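The values are calculated or read from the model by the stated rules, or taken from the named source; none is laboratory data. What you are looking at is a predicted structure, and each value in this text was computed from that prediction instead of being measured. Here the Cβ positions follow ideal geometry from the backbone for every residue, glycine too, while neighbour counts run over all protein chains shown. Ligands, DNA and RNA are excluded from the accessible area calculation, which covers all protein heavy atoms including side chains. Shrake-Rupley method; radii C 1.70, N 1.55, O 1.52, S 1.80 Å.
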Amino acid sequence: MGEADKPESTLKLGFTYSSVEFGQNKTGCKNTLRSFYEKTELLRNAGFAISADMMGIELSFKLDKELLAQEYPKFSTALEPLENSLDTLFQHHHLFKQLIEELESQ
């Protein structure tokens, strides 16, 4: 396994919610997230995935450690993957808001 394949070399922005707040148990939360993810093609197409524990939806990205070291302390391009991931998250925020609205209406 190469260094690029190590889980710790990947950063993730994630969405989770308190299942207890919506009267769900762990299984209910997992089913809700999976169902929402499966019916929301925009999330899949944007690169979001169900988390390994199936309790969240996340967007993974990597930073190039060599580029980070070269640009330190003034980063110009090394943080572009983070900026792009944040942009993607903000562009799809309305979908996560939709999920919470659906949960609140139940």
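Among the residues of this structure, Lys12 counts as one that is charged (D, E, K, R), surrounded by 13 or more Cβ atoms within 10 Å (Cβ to Cβ) and not in a helix (DSSP H, G or I).
For the stretch 71-86, a residue qualifies if it is within 14 Å of the chain's Cα centre (by Cα) and either surrounded by 15 or more Cβ atoms within 10 Å (Cβ to Cβ) or aliphatic (A, V, I, L, M) (or both), and the qualifying residues are Pro81, Leu82, Ser85, Leu86.
Looking across Leu68, Leu99, Leu89, Leu42, one residue alone is of a type in the set (A, V, I, L, M, F, W, C), outside any loop (DSSP other than H, G, I, E, B), touching a Leu at 6+ places or on another chain (Cβ under 9 Å) and open to solvent by 90 Å² or more (accessible area, probe 1.4 Å). It is Leu42.
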